[in-house]
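So the structure is just underneath, and the comments pick up after that.
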Amino acid sequence: MAVTYTSKHHSPEDPGGLIREVLDLGPEFPGPARDVLLTWMMRLDEDADPSAAARALIARYGLDHTPSKAGPCAELVALLRETATYPQERLNSHLCRPRRRGGPARRRESD
């Protein structure tokens, strides 16, 4: 099922213009920033690189400077910056290789 976004800020890096909308709210954005980041990541195309998308948004929206005020909006910018430095290879190694639970395999003694 295809999703159609009507926001004028929609782009492949910002589906539905979610990040732009939050930035436009500024200090009125109540948060939580982590929920917005997760929603943004889930909206990205499945083959999109979140770190590349975050870098594109940082450049497009001028987020390379620290916001003057603290709060949920500034936290979102910090999370985007962190995402921008997280390489796709590292994401793939964590998400595509399930870890075995319980440590090393135990040898069973035969009867």
Please report, in whole Å, how far the alpha carbons of the range 13-90 spread along each principal axis, starting with the longest. 33, 22, 20
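In which sequence would HIS65, HIS9 go, from the one with the fewest C-beta neighbours within 10 Å to the one with the most? Before the final figure, lay out the partial values.
Details: HIS65 8, HIS9 17.
Fewest-to-most ranking of HIS65, HIS9: HIS65, HIS9.
Cut-off is 10 Å between beta-carbons; in what order do SER7, SER51 appear when sorted fewest neighbours first? Write out the running numbers ahead of the final one.
Values: SER7 13, SER51 19.
Listed from fewest to most nearby Cβ atoms, that is SER7, SER51.
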To the nearest 20 debye, what is the magnitude of the charge dipole of the range 1-86 about its Cα centre, counting +1 on the Cβ of each Lys and Arg and -1 on the Cβ of each Asp and Glu? 220 debye
Can you work out the FRET efficiency for the pair LYS69 and MET42, with r the C-beta to C-beta distance and R0 = 25 Å, to the nearest 0.05? 0.35
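Bear in mind that the values in this text are calculations on the coordinates, not laboratory data. Predicted model only: the values in this text are computed from it and were never measured. Cβ sites come from the backbone with ideal geometry, for glycine too, and all protein chains shown count toward neighbours.
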